[in-house]
Amino acid sequence: MNKNSSNIMALAPNTSNKRETVCIFGTGDFGRALGHKMIQSGYPVVYGSRSTQISNLIPKDAEVLSHAEAAQKAAIIIIAIQRQHYNFLIPLAEVLHGKVLVDISNNMKLNQYPESNAEYLAQLLPGSKVVKAFNTVSAWALQSGTLDASRQVFVCGDDVEAKQMVMNIVRALGLTPLDKGSLLAAQEIENYPLQLFPMWKFPIFLSLGLTAFFFFYCLALDVIYTYIYENNNFSFFIAITIPNRVCPVMALILLALVYLPGIFAAIIQLYRGTKYRRFPDWLDKWMLCRKQLGLIALAFASLHAVFTLVTPMRAFVSWRTSKGIISQALNNKTEPLNNTNAWLSDSYLALGILGYFLFVLLGITSLPSVSNNVNWREFRFVQSKLGYLALILCTAHTLVYGGKWFLSPSAYKWYLPNIYILSLIVPCAVLVVKFVLIFPCVDKPLTQIRQGWERNPKYSK
């Protein structure tokens, strides 16, 4: 008897794993997508709607009832409607009392209202337990299943138990909940999807400004100057030649700007003799956007590689080559190979290829999917050691190619230096200072400071 009963118990389904019914107010795109995803995860779903007629858009396994009837069937109610329609919930206050209300709404612009939508909902229904969640996940991602880029779900609320119930649902859907604390964090969570590349603004504006400066700089020297003083119309340089000069210059300068704030930070820490004092705000912001600066630099380097590959197909290059061949034929003289120029040409090409290879490696390791699979020491080795090596190779590439213009008077049109001379100022300064910082007499005290030693303990934390 006992044996048979134990067998029955072993074969019986585990009713504790049964999913609780979830109610969704709203049958829009997100409400339907979220309901479909929940049904796939084993949740019974009931929709609360003004119209109880079954539509082809509603998941077939879901039930559609009036708002009051649907709310009575579930302890968790997802409010998939916009803030301006929340007033219809007020007559349902008695039915919603004690229920967990999940606010998933977003606004049209940052800080559109004095309080967050979730806080406003909590004010309308003080007897309910309001939790903010799911507002950073798109309906398209839920429908298509491409949640890799938006797997993280921010959750906040004042009731710990209610928040835990919502986080359990998030996990069941294959997403990752991140507890942001009380409902006071809802404003920040609602602003998050509205931010347009917040860490990219400074790098993009800086890149656009420098690109415009170097473009017009080259335009003045290579097109306008030659037209005025040499009567040559090289306006077609705007299409390929000038961009192929601006792109490598921008790539080199931006790569140097990735490592320049680290140089400033080391100098400041050596000067202060402590690591427990904050850096200036401008340096903090600069250091936070180094990844973006590096990726933009990689984009410029890639454009430079493409422009260089199409150079032999240009009409100007074909004309100049044929002109040289005809000139040698008319003079019945063949110019011998200049071994020095051949070495210089092969050297700067080899340096450029190696530098670009490391450049791409830096970009790949900065991707979250890659950086999450390496430890801190490996990441630091690639981004720091190999990063400086890439800077050295790219600087040498530019120096070998453009160094001949340093001492050439003809290169200083309107007494202005060539663009490649300007591009070497920041990288060379970074490398020189870094070379000084790795001296043992400098590196040792800097390492001690970063490990917690202080020259003057009164500045301790």
Residue that is farthest from Leu344 (Cα to Cα), among those in the range 393-407 that are buried (at least 16 other Cβ atoms within 10 Å of the Cβ) and among the aliphatic types (A, V, I, L, M): Leu393
Residue in the range 335-351 that is among the β-branched types (Val, Ile, Thr), closer than 21 Å to Cys247 by Cβ, free of Cβ contacts under 8 Å to residues at least 60 places away in the same chain and in the same structural domain as Pro243 (by the TED database) present: no
When residues of the range 337-379 are limited to those that are of a type in the set (Phe, Trp, Tyr) and out of contact with any helix residue (DSSP H, G or I) (no Cβ under 9 Å at 6 or more places or on another chain), the one nearest to Ala297 (Cα to Cα): Trp376
Answer residue from the range 108-147, given it is hydroxyl-bearing (Ser, Thr, Tyr) and in contact with a strand residue (DSSP E or B) (Cβ under 8 Å, 6 or more places away or on another chain) and is farthest from Ile169 (Cα to Cα) among those: Ser116
Out of Ala122, Ala162, sole residue that is more than 30 Å from the chain's Cα centre (by Cα), open to solvent by less than 20 Å² (accessible area, probe 1.4 Å) and in contact (Cβ under 8 Å) with a residue 60 or more places away in the chain: Ala162
Members of the range 65-77 that are out of contact with any helix residue (DSSP H, G or I) (no Cβ under 8 Å at 6 or more places or on another chain), open to solvent by less than 50 Å² (accessible area, probe 1.4 Å) and farther than 14 Å from Leu101 by Cβ: Leu65, Ser66
Residues of the range 48-91 classified as of a type outside the set (Asp, Glu) and assigned to a helix (DSSP H, G or I), total: 14
Neighbours by Cβ (under 6 Å, 6+ apart or cross-chain): first from the range 433-448, within 15 Å of Tyr271 (Cβ to Cβ) and in contact (Cβ under 8 Å) with a residue 60 or more places away in the chain; second assigned to a helix (DSSP H, G or I) and among the small types (Gly, Ala, Ser): Leu437/Ala266; Leu446/Ala266
Residue match in the range 236-255 (condition: of a type outside the set (Val, Ile, Thr), without any contact (Cβ under 8 Å) to a residue 24 or more places away in the chain and more than 18 Å from Pro417 (Cα to Cα)): yes
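Can you tell me which residue among Gln383, Gln292 is assigned to a helix (DSSP H, G or I), at pLDDT 90 or above and either out of contact with any strand residue (DSSP E or B) (no Cβ under 8 Å at 6 or more places or on another chain) or within 30 Å of Leu446 (Cα to Cα) (or both)?
It is Gln292.
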Flag if Ile58 is within 19 Å of Gln143 (Cα to Cα), assigned by the TED database to the domain that holds Val130 and surrounded by fewer than 19 Cβ atoms within 10 Å (Cβ to Cβ): no
Count - residues of the range 271-283 that are open to solvent by 40 Å² or more (accessible area, probe 1.4 Å) and either in contact with a Gly (Cβ under 8 Å, 6 or more places away or on another chain) or in a helix (DSSP H, G or I) (or both): 5
Residues within the range 299-350 that are closer than 16 Å to Ala239 by Cα, open to solvent by 80 Å² or more (accessible area, probe 1.4 Å) and not in a helix (DSSP H, G or I), tallied: 0
Candidates Leu194, Leu173 - the one that is touching a residue at least 40 places away in the same chain (Cβ under 8 Å) and surrounded by 19 or more Cβ atoms within 10 Å (Cβ to Cβ): Leu173
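The values are calculated or read from the model by the stated rules, or taken from the named source; none is laboratory data. The model shown is predicted, which means the values in this text are computed figures rather than measured ones. Virtual Cβ from ideal backbone geometry, glycine too; neighbours counted across all protein chains shown. What goes into the accessible areas is simple: the full protein's heavy atoms, side chains included, and nothing from ligands, DNA or RNA. Shrake-Rupley method; radii C 1.70, N 1.55, O 1.52, S 1.80 Å.
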